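Q: Mind having a look at this structure? Questions to follow.
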Amino acid sequence: MSSDRERLASACPTQHPPSTVQLAHGGGGRRMRQLIEGVFLPAFANPTLLARHDSAVVDVVPDVTSRGRVALTTDSYVVKPLFFPGGDIGRLAVFGTVNDLAMAGARPLHLTAAFILEEGLALAALRRIVESMRDAATEAGVAIVTGDTKVVDRGKGDGVFITTTGVGLVPPGVDIGPHRVQPGDAVLVSGDLGRHGIAVLSVREGLAFASPIESDCAALASCVAALLAAGVTLHCLRDLTRGGLAAALNEIAMDANVGVLLDEPAIPVSEPVRGACELLGLDPLHVACEGRMTLMVPAASVERALATLGSGAARIGQVVEAHPRVVVLKTGLGGSHTLDLLAGEQLPRIC
Amino acid sequence: MKYVDEYRSGAEARRFIAAIRRVVTRPWSIMEVCGGQTHAIVRFGIEELLPPEVSLLHGPGCPVCVTPCEILDQALALAGRPEVTFCSYGDMLRVPGSDGDLFTVKAKGGDVRVVYSALDALALARQNPAREVVFLAVGFETTAPAHAMAAHRARIDRVRNFSLLVSHVLVPPALAAILSASDRRVDGFLAAGHVCTIMGTDEYERLARDYGVPIVVTGFEPLDLLQGIHMCLRQLEEGRAVVTNQYERAVGPRGNEAARRLLHEVFEVVPRRWRGLGELPASGLALRPSFAAFDATLRFGMSAGAAAEPAECISGLVLQGRKRPTDCPAFGTRCTPDSPVGATMVSAEGACAAYFRYRPRSARDVV
C-alpha cells in the first residue's frame with residue numbers, strides 16, 4: 001500500500017511547494033528548476049547568470065581603460081550556526097572570497113557559488129542566506145555569475161556548505177605578497193581583533209554576554225583600493241581568518257623568511273572580546289576575524305596608511321631581521337614570548 | 001578591562017621588579033604551584049624580568065597534566081559507547097590515553113561534548129533522558145565543588161542518566177611529596193590562589209611549619225605573581241617560613257566553607273595515582289558510597305587497568321621542579337603539542353607546552 005502511495009505522490013506534483021530542501025531539489029528535474037528559478041536567479045539576477053549557459057562567459061578586462069593581471073581564488077564555507085550576530089554563512093562566503101582577491105590588490109569582479117544543501121534545510125533559511133549573499137555582493141561590487149546546487153541526505157551536511165570562487169583584476173604595477181616583505185617594514189592591522197570568532201562561539205555555546213559581540217565580517221576590497229589610490233606602498237596584505245593574527249603573521253614570517261616583533265599593548269582588542277577571552281581562557285590573537293587584515297608597509301607609508309584605514313587601525317609592530325620565521329610578542333610588562341601557531345583549534349581551559 | 005588591567009600595569013611591574021632586586025642577595029628557587037600561574041609567567045615573559053638569582057620552578061598544579069593515563073583510557077572507553085554522551089572540559093579532549101584521545105573517539109562517531117560546567121552536563125542529561133550522560137570530573141580543589149554540586153543536584157532531582165568519571169587530586173599531598181624528596185630544590189612556594197579560595201590556608205600552615213618552607217598564597221595576574229615572588233623572597237632572605245597571603249582579594253583564611261561542606265558531603269579522600277608522580281597517599285577525591293549511583297566506573301562496570309607512562313618522558317621530574325622542560329632531549333623534537341609524549345606537553349597549562357608555545361628566551365634556542 002505504502003509503496004503505491006509513494007508512486008502516486010511522485011507521479012503527481014504536490015499542491016503546496018515544500019518548505020524544506022528535499023533530495024529532489026538536487027535531482028536535475030523539475031524541483032531543481034523550481035529552486036534555481038525561485039531562489040537563486042531572482043536574488044543574483046545579472047545578464048551573465050540569466051544567460052543560463054553551462055559556463056558564465058565574462059570579460060576579464062571590464063572596460064578598455066582597465067588592464068592588469070587576473071587574480072583567482074576559491075574558498076569553502078562551513079559555519080555552525082548558519083546565522084550569528086553580525087552576519088551569516090552567505091555574507092561570509094561572499095566577503096571571504098572577495099577579501100582573498102583584495103589581499104593580492106585585485107579589484108573583485110565575478111564570483112561563482114556552489115551550494116551543498118542538506119535535505120531538510122528550511123527553504124526560508126536558504127532564501128535568507130541567498131538574499132544576504134546578494135546584498136553582500138552588491139556591497140562588494142561583484143556579480144555572482146554562475147553556480148551549482150547539490151543536495152545530500154539529511155545528517156550528511158550542516159544545513160548548507162558554500163564554495164565560492166572569485167575572479168579579480170590586479171592593476172598594473174601592483175605587486176603585493178610575502179615576497180615583498182622586508183626587515184624595517186611596519187606591521188599594521190585594519191581594526192580590532194577577534195569579534196567574529198567570539199560572536200560565533202557565543203551563539204554556538206549559548207553564552208550570553210552583557211554586551212553582545214557582533215562579527216566583524218566585512219569586505220576589504222574598497223579599503224585596499226583606497227590605500228592604493230592614496231599612494232600607500234603595500235608590501236603584503238593578509239586577511240585574518242582562522243587562526244587569527246597569530247596564524248597570519250606566522251605564515252608570512254615563514255614565507256618571507258623574516259622575523260616579526262609585535263608590541264602587545266598596541267594590538268587593538270575591544271573590551272567585550274578581551275573579557276570573553278579572559279573568561280573562556282582564549283587568546284584573542286588566535287581568534288578568527290572575517291573583516292580584518294594585517295598590512296606590511298614601508299615606514300614611509302605608515303602615516304598615510306593609518307589615515308586611510310581610519311580610527312580602528314593600528315601600528316602593532318615591525319618586520320625584523322632577527323629571529324627569522326618567528327613571531328615574538330613584547331608584553332606590556334617588558335617581557336617577551338613567541339607567538340606560535342596552535343596545534344589546532346583553541347580549547348577552553350579547565351580553570 | 002576593569003579588575004584585569006590594574007594587575008597588568010607595566011609601571012607597577014617595574015616597581016615590584018626593582019623591589020625584588022633590592023631584596024635578593026643570593027640564589028633562590030621558587031615554585032609556582034598552579035599551571036595557570038606557569039602559563040601567566042611564560043605568557044607575560046616574567047622570568048626574563050627577574051634578577052638572575054631568582055629561578056622559577058614550575059609545579060604540579062596542572063589538572064590536565066596529572067590526570068593518569070588509566071582515567072583517560074576509561075574516558076575513551078566510555079565515550080565510545082553508543083548510549084553515552086560524554087562531557088568534558090575542552091582541554092581534556094586532546095590528552096592522549098594509551099590509544100588515541102577524545103577527539104579520535106569523536107571522529108569515530110562517539111558523542112563527545114565540550115562543556116563549561118558540570119551543571120551544563122547535568123542539564124544535558126535532563127534534556128536527553130534516553131542518553132547516558134557522563135561528565136569527566138578532573139581537577140584540583142578549585143573545580144571539585146562545582147562537580148560536587150552537580151552530583152548533589154542530580155541526587156536531589158533523581159536524575160538517573162547522569163554520572164561522573166572522577167579523578168580529583170589535592171594540592172597539599174603533592175607539595176609534601178616534592179618537599180620530602182632527598183634532592184629537593186624548592187626553597188619557597190607560590191601556592192595556587194584559586195585552590196585556596198575554596199580550602200583556605202590552614203593546610204599550608206602545617207606544610208610551612210613541618211618543612212620550614214615559606215608559602216605565599218598568590219594570584220594569577222602578572223602583578224600578583226611579582227608581588228608573590230617579592231613576598232616569598234623577603235621571607236627567604238629573613239630566614240622565615242610562614243604562610244602569607246598575597247591574594248587577599250579572593251582568599252580568606254577559612255576558604256569557602258559552603259563549598260567545603262559540599263565537597264565533604266559528596267567526596268572522600270582516597271589515594272590517587274598522578275601522571276608523572278605515581279601514587280600518592282590521601283591525595284585524591286572519590287565519590288562517597290552514598291553517591292555510588294553517580295559513579296560512572298560502577299555504572300558501566302569499568303575496571304581500572306594500570307597504564308604505562310612513556311619511558312622517555314621526564315614530566316614527573318618537571319612537575320616536581322627537578323628538571324626544566326628544556327632539559328629533556330625529546331622537548332620540541334619528538335615531543336610537541338601536536339604529538340605529545342608526556343603529561344606536561346598536552347595541556348596549555350603544562351610547563352612543557354607553555355615553554356613550547358611561548359618559548360621564553362631560555363627555550364628559544366632549543367627548538
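The values are calculated or read from the model by the stated rules, or taken from the named source; none is laboratory data. Everything quoted here is computed from the prediction, not taken from an experiment. Positions of Cβ are generated from backbone atoms using ideal geometry, with glycine treated the same way; all protein chains shown enter the neighbour counts. Side chains are part of the model used for accessible areas, which takes the heavy atoms of the whole protein and leaves out ligands, DNA and RNA. Shrake-Rupley method; radii C 1.70, N 1.55, O 1.52, S 1.80 Å.
Q: Most fluctuating residue of A:215, A:19, A:132 in a GNM of chain A with Cα springs under 10 Å: which is it?
A: Looking only at A:215, A:19, A:132, the largest GNM fluctuation is found for A:19.
Q: Is the C-alpha gyration tensor of chain A telling us rounded, prolate or oblate? Criteria: a/c under 1.5 is rounded; beyond that, a/b larger than b/c is prolate, otherwise oblate.
A: Since a/c reaches 1.5 but b/c is at least a/b, the shape of chain A is classed as oblate.
Q: Also, I was wondering about something else. Can you give the % of DSSP beta bridges in segment A:178-338 that are antiparallel, to the nearest 5?
A: Percent antiparallel among DSSP bridges in segment A:178-338 is about 85.
Q: In addition: Under the definition of Cα pairs under 8 Å and six or more residues apart, what whole-number percent is the relative contact order of segment A:27-139?
A: 28 percent
Q: Using label points projected 7 Å from each Cα along Cα→Cβ, tell me how many nm separate residue B:120 and residue A:180, to one decimal.
A: Calculated label separation equals 4.4 nm.
Q: Could you report chain A's accessible area per residue, 1.4 Å probe, as an integer in Å²?
A: Here the residues of chain A average 45 Å² of exposed surface.
Q: Using r as the Cβ-Cβ distance of residue A:41 and residue B:298, and R0 as 51 Å, what FRET efficiency do you calculate, to the nearest 0.05?
A: About 0.25, to the nearest 0.05.
Q: Another one. Compare B:140, B:103, B:267 in a GNM of chain B, Cα atoms joined below 10 Å, and give the one with the largest fluctuation.
A: Looking only at B:140, B:103, B:267, the largest GNM fluctuation is found for B:103.
Q: Let me ask another. Mind checking the mean number of beta-carbon atoms from other chains within 10 Å of the Cβ atoms in B:40-49?
A: Partner Cβ neighbours, averaged per residue: 5.
Q: Something else about it: For the protein assembly as shown, what is Rg from Cα atoms divided by 2.2 N^0.38 Å, rounded to two decimals?
A: 1.07
Q: Quick one: net charge of residue A:97's neighbours, Cβ under 14 Å, K/R +1, D/E -1?
A: -3
Q: Which of the GluC sites (Glu not before Pro) found in segment B:74-152 are loop residues per DSSP with 16 or fewer other Cβ atoms within 10 Å of their Cβ?
A: In loop regions of segment B:74-152 (DSSP not H, G, I, E or B), the sparsely surrounded GluC sites (Glu not before Pro) are B:83.
Q: Now a separate question. Output the antiparallel fraction of DSSP beta bridges having both residues in segment B:18-163, as a percent to the nearest 5.
A: Here the antiparallel bridges make up roughly 0 percent for segment B:18-163.
Q: Here's another thing I want to ask about it. Averaging over every viewing direction, what projected area does the convex hull of the Cα atoms of segment A:21-170 cover, in nm²?
A: 8.7 nm²
Q: Then there is this: With each label point set 7 Å from Cα along the Cα-Cβ vector, what nm distance links residue B:1 and residue A:50?
A: Simple spin-label model gives 5.2 nm for this pair.
Q: Considering only protein heavy atoms and a probe of 1.4 Å, how much of the accessible area of segment A:178-338 is carbon and sulfur, as a whole percent?
A: 51 percent
Q: Within segment B:180-208, whose backbone N sits under 17 Å from a point 7 Å along Cα→Cβ of residue B:257?
A: Inside the label zone: B:197-203.
Q: For segment A:178-338, compute Rg over Rh where Rg is the Cα radius of gyration and Rh is the Kirkwood radius from the inverse mean 1/r over Cα pairs.
A: The Rg/Rh ratio comes out at 0.97.
Q: So what is the relative contact order of chain B, in percent, for Cα pairs below 8 Å that sit 6 or more residues apart?
A: The value is 22 percent.
Q: Separate question: What ranking of B:116, B:355, B:3 comes out by heavy-atom accessible area, probe 1.4 Å, highest first?
A: B:3, B:116, B:355
Q: Okay, moving on. Just tell me the longest site-free run in chain B, where the sites are trypsin sites (Lys or Arg not before Pro) in a DSSP loop having at most 14 other beta-carbon atoms within 10 Å.
A: The longest such stretch corresponds to B:3-107.
Q: Need one word for segment B:59-156: rounded, prolate or oblate. Basis is the Cα gyration tensor (sqrt eigenvalues a ≥ b ≥ c); a/c below 1.5 gives rounded, then a/b vs b/c decides.
A: Cα axes put segment B:59-156 in the oblate bin.
Q: To the nearest 0.05, what FRET efficiency results for residue B:210 and residue B:309 with a Förster distance of 30 Å applied to their C-beta separation?
A: 0.55
Q: Another question, if that's okay. For segment B:224-367, treating each Cα as an identical point scatterer without solvent, what Debye log10 I(q)/I(0) comes out at q = 0.11, 0.16 1/Å?
A: Debye output, listed in q order: -0.70, -1.14.
Q: Tell me which cysteines of chain B come out unpaired when the rule is another cysteine's Cβ under 4.7 Å.
A: That list is B:34, B:69, B:87, B:196, B:232, B:313, B:328, B:335, B:352.
Q: Just from its helices, what would the mean residue ellipticity at 222 nm be for the protein assembly as shown, if runs of 4 or more DSSP H residues each count -39500 (n - 2.57) and the sum is divided by every residue, rounded to the nearest 500 deg cm²/dmol?
A: Helices in the protein assembly as shown give a 222 nm mean residue ellipticity of -10000 deg cm²/dmol.
Q: As a test question: what accessible area, to the nearest 10 Å², does residue B:142 have when a 1.4 Å probe is rolled over all protein chains in place?
A: 40 Å²
Q: List the trypsin sites (Lys or Arg not before Pro) within segment A:238-318 that fall in a DSSP loop (any state other than H, G, I, E or B) and whose Cβ has at most 11 other Cβ atoms within 10 Å.
A: In loop regions of segment A:238-318 (DSSP not H, G, I, E or B), there are no sparsely surrounded trypsin sites (Lys or Arg not before Pro).
Q: Turning to a different aspect of this structure: Whenever you get a sec, line up A:78, B:138 from highest to lowest accessible area (probe 1.4 Å, protein heavy atoms).
A: A:78, B:138
Q: Holding the Cα-Cα limit at 28 Å, pick out from A:330/B:2; A:80/B:106; B:106/B:323; A:80/B:2; B:2/B:323 the pairs that are longer than that.
A: The pairs that break the limit, which is 28 Å between Cα atoms, are B:106/B:323; A:80/B:2; B:2/B:323.
Q: Sticking with this structure for a sec: Considering only DSSP beta bridges where both residues belong to segment A:21-170, give the percentage that are antiparallel (nearest 5).
A: The antiparallel fraction comes to roughly 70 percent.
Q: Tell me whether segment A:42-123 comes out rounded, prolate or oblate; compute the Cα gyration tensor, take square roots of the eigenvalues as a ≥ b ≥ c, and use a/c under 1.5 as the rounded threshold.
A: Note, shape of segment A:42-123 comes out oblate.
Q: Expressed as a whole percent, how much of the Cα-Cα distance distribution for chain B exceeds 28 Å?
A: It works out to 44 percent of all Cα pairs.
Q: If the chain between residue B:131 and residue B:338 were fully stretched, how many nm would it gain, using 0.36 nm times the residue separation less the Cα-Cα distance?
A: Difference between extended and current length: 71.3 nm.
Q: Moving to a separate point now. How large is the accessible surface per residue of chain B, computed with a 1.4 Å probe and reported in Å² as a whole number?
A: 38 Å²
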